[in-house]
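The values are calculated or read from the model by the stated rules, or taken from the named source; none is laboratory data. Everything numeric here is computed off the predicted structure, so don't read it as measured data. Backbone-built Cβ (ideal geometry, glycine too); neighbour counts: all protein chains shown.
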Amino acid sequence: MENKHLTYFKVENFKRFDSLEVNDIGQFNLIVGDNNVGKTSLLEALLFDEKNYNQFLSNLYSALGINRKVFLKAIPGVDSFNYADVFNFVELYFKKKGTPISIDYSYNTGDKENILLETFAKSELSIEQLDAMGNKNFIHQTSNYLIKIKSKNQESFLYTTFFKEPNTYKGYYPLTPFGLSYQDDLLEFFSEISQKTTDYNIIVKELARFVPDIKSIEINNAVIKNNSTLIIRENNAEEVMPISFYGDGLNKFFRYILELFKCDGNRLMIDEIDTGLHYSKMKENFKSLFRLALDNNVQIFATTHSKECLQYYKEALEDLGYQDKGRIIRLVEHKNKEVKAYTYIYEQFEHSIDYDNEIR
């Protein structure tokens, strides 16, 4: 299986960052820092997809909606998803308009690569540039905006209305936002993943830490009449219960498990990984997530504000012998408003945590 784990990442002109460089990235990366320093913005920047540019656009669009960072004003006569026809949503990610977003990255098997993003109104393109896009002009005839994405090997113009080419990208995107617990997307994830008996058994085994008498997880449309829902069947209970009744802690952990399967061979970003989880479950949760991430070759980037979360993160790495895979990435805003990233390997953050030195 190809190992697509980032070891280096730099983004420029993205949201609050003039330039943010992250070195020595590990497989498990816990991101810390003060409020509003840009932890979530870093997760969003990591949504880039260098192989499928429409997927990249879809990821950026989805992050704006589900994180509720943007509330677009109603435009008469324009349906919700078609805001992108008349509103350049990609520009919301630019710190300075007129300057490209630049992303430099390298995986552990390759050299540094670069992607540049610029936005244009359709009226700014020449007739020759538009003609080169062929039938895409017809597909996107009501669209007003395009982006140019330039890499070492190619330069492409794409309309920002990516959703008019539905077969070119997947609706799923690998960022679990703050506060997201049970939603209907878990039905789709579970239906897909549970087709393999081995994976289904892993899910049941992991949830047994929350529900010791669990017998099975099923999709049922009778518990809530005419609505499919995930239910848990317990050995010593006559009635089944919707999984949403078992609380935020279980439901968030369940989501993280499913999303690790979904991100097989890639990376998963989790905002505020500890929120809603009781401290007594944190270490075992981390151990489960680390094991599943290794089994599925997934790189994890997660944010936290919690000192307890740092402690249990460290202990989980120690218990499993994964110290070499763990990093803490601290974002710091300096007096000139510039944000810098500082990467701590295990030996460095172990000392800080053990001696109660501030790294959050």
Tally, over the range 320-347, of residues that are closer than 17 Å to C309 by Cα, more than 21 Å from the chain's Cα centre (by Cα) and in contact (Cβ under 8 Å) with a residue 60 or more places away in the chain: 2
Number of the condition not met by F210 [criteria: (1) under 23 Å from E315 (Cα atoms); (2) of a type in the set (F, W, Y); (3) under 23 Å from the mean Cα position of the chain (by Cα)]: (3)
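Quick check on E128: is it charged (D, E, K, R) and at pLDDT below 95?
Working: charged (D, E, K, R): yes; at pLDDT below 95: yes.
When the stated conditions are applied, E128 passes them.
Step by step: first the residues of the range 293-309, then only those that are surrounded by fewer than 21 Cβ atoms within 10 Å (Cβ to Cβ) and modelled with pLDDT of 95 or more, then the one that is farthest from H5 (Cα to Cα). Which residue is that? It would help to see each step written out before you state the result.
Let us first name the residues in the range 293-309 that are surrounded by fewer than 21 Cβ atoms within 10 Å (Cβ to Cβ), namely 294-297, 305-308.
Right, trim to modelled with pLDDT of 95 or more and you get 294-297.
On the way: L294: 12, D295: 14, N296: 12, N297: 9 Å.
Selected residue: D295.
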Of all residues making up the range 265-287, the number that are surrounded by fewer than 20 Cβ atoms within 10 Å (Cβ to Cβ) and either among the hydroxyl-bearing types (S, T, Y) or touching a residue at least 60 places away in the same chain (Cβ under 8 Å) (or both): 8
Per-region count, the range 222-247, residues surrounded by fewer than 16 Cβ atoms within 10 Å (Cβ to Cβ) and part of a helix (DSSP H, G or I): 1
Selection count where residues are within 24 Å of the chain's Cα centre (by Cα) and outside any loop (DSSP other than H, G, I, E, B), scope the range 147-183: 15
Some residue of the range 14-31 being surrounded by fewer than 21 Cβ atoms within 10 Å (Cβ to Cβ), among the aliphatic types (A, V, I, L, M) and in contact (Cβ under 8 Å) with a residue 12 or more places away in the chain: no
Candidate set: the range 1-19, residues that are part of a loop (DSSP other than H, G, I, E, B) and of a type in the set (K, R); chosen: the one farthest from F178 (Cα to Cα): K4
Single unsatisfied condition, F56 versus (1) part of a helix (DSSP H, G or I); (2) free of Cβ contacts under 8 Å to residues at least 60 places away in the same chain: (2)
Pairs, first touching a residue at least 60 places away in the same chain (Cβ under 8 Å) and on the phi < 0 side of the Ramachandran plot in the range 147-166, second among the polar types (S, T, N, Q) and in a strand (DSSP E or B), C-beta under 6 Å, six or more apart: I147/T119; I149/S156
Residue list for the range 21-45, restricted to those being under 13 Å from T343 (Cα atoms) and aliphatic (A, V, I, L, M): V22, I25, L30, I31, V32
Scan of the range 177-207 for residues that are of a type in the set (K, R) and over 15 Å from F253 (Cα atoms), ordered by number: K196
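Scan the range 121-155 residue by residue and report those that are of a type in the set (F, W, Y) and buried (at least 16 other Cβ atoms within 10 Å of the Cβ).
Initially, the range 121-155 is screened for residues of a type in the set (F, W, Y), giving 138, 145.
Correct list: Y145 only.
Could you identify the single residue in I214, I202, I243, I149 that is out of contact with any Phe, Trp or Tyr (no Cβ under 7 Å at 6 or more places or on another chain) and either farther than 22 Å from A293 by Cα or modelled with pLDDT under 95 (or both)?
Details: I202 fails: either farther than 22 Å from A293 by Cα or modelled with pLDDT under 95 (or both); I243 fails: out of contact with any Phe, Trp or Tyr (no Cβ under 7 Å at 6 or more places or on another chain); I149 fails: out of contact with any Phe, Trp or Tyr (no Cβ under 7 Å at 6 or more places or on another chain).
Only one candidate qualifies: I214.
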Number of the exception - E50 against (1) of a type in the set (D, E); (2) modelled with pLDDT of 95 or more; (3) outside any strand (DSSP E or B): (2)
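In the range 315-358, what residues are in a loop (DSSP other than H, G, I, E, B) and either among the aromatic types (F, W, Y) or under 15 Å from A302 (Cα atoms) (or both)? Spell out how you get there, then give the answer.
Filtering the range 315-358 for residues in a loop (DSSP other than H, G, I, E, B) gives 321-322, 334-338, 355-358.
Y322, Y355 - these are the residues of the range 315-358 that are in a loop (DSSP other than H, G, I, E, B) and either among the aromatic types (F, W, Y) or under 15 Å from A302 (Cα atoms) (or both).
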Selection from the range 20-47 of residues that are within 13 Å of P174 (Cα to Cα) and not in a helix (DSSP H, G or I): L46, L47
Residues that are surrounded by fewer than 13 Cβ atoms within 10 Å (Cβ to Cβ) and touching a residue at least 12 places away in the same chain (Cβ under 8 Å), drawn from the range 185-200: S191
Residue in the range 162-169 that is of a type in the set (A, V, I, L, M, F, W, C) and under 24 Å from F301 (Cα atoms) present: no
